[in-house]
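Reviewing the structure listed below.
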Amino acid sequence: MSAIAAIDSVLATAPALTTLGPVASAPQPAPAASFGDILSAGMQGVETKLATADDMVRKFTLDPNVPIHQVTYALEQARLSVELAMQVRGRLLDGYRELMNMQL
């Protein structure tokens, strides 16, 4: 009997486990970004890489302590970003032309 009394006293001091609280809802998915937002973020990334490369070249010309490999790396990243942006632009234009040439 004392064991049952001990369990009852523990349950009395513990938070109510027998009652159900509010049911936790499933996590809501993050709202999907619009196509324009994705393109804008991509162009911001390209602009950032171009600015970084420009800054690295400027630092390299003024400070002999800037390593050439960092400058080359920044320039290559900027070049690849611009090339990717041009490829995406070309594909978007091709898709637009295709839609405009469709007959209804």
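List of remarks:
- Residue match in segment 31-40 (condition: surrounded by fewer than 10 Cβ atoms within 10 Å (Cβ to Cβ) and over 24 Å from residue 85 (Cα atoms)): yes
Yes/no per residue for (1) over 20 Å from the mean Cα position of the chain (by Cα); (2) modelled with pLDDT under 95; (3) among the small types (Gly, Ala, Ser):
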position	(1), (2), (3)
30	no, yes, yes
50	no, no, no
63	yes, yes, no
66	yes, yes, no
76	yes, no, no
104	yes, yes, no
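- Single unsatisfied condition, residue 9 versus (1) at pLDDT 60 or above; (2) surrounded by 10 or more Cβ atoms within 10 Å (Cβ to Cβ); (3) part of a helix (DSSP H, G or I): (1)
- Looking only at residues of segment 41-75 that are of a type in the set (Gly, Ala, Ser) and exposed (fewer than 15 other Cβ atoms within 10 Å of the Cβ), we find that the one that is nearest to residue 88 (Cα to Cα) is 42.
- Residue ID - surrounded by the most Cβ atoms within 10 Å (Cβ to Cβ), chosen from residues in segment 76-95 that are acidic (Asp, Glu) and farther than 19 Å from residue 44 by Cβ: 76
The values are calculated or read from the model by the stated rules, or taken from the named source; none is laboratory data. Everything numeric in this text was worked out from a predicted model, so none of it was measured. Note: ideal-geometry Cβ built from the backbone for every residue, glycine included; neighbour counts use all protein chains shown.
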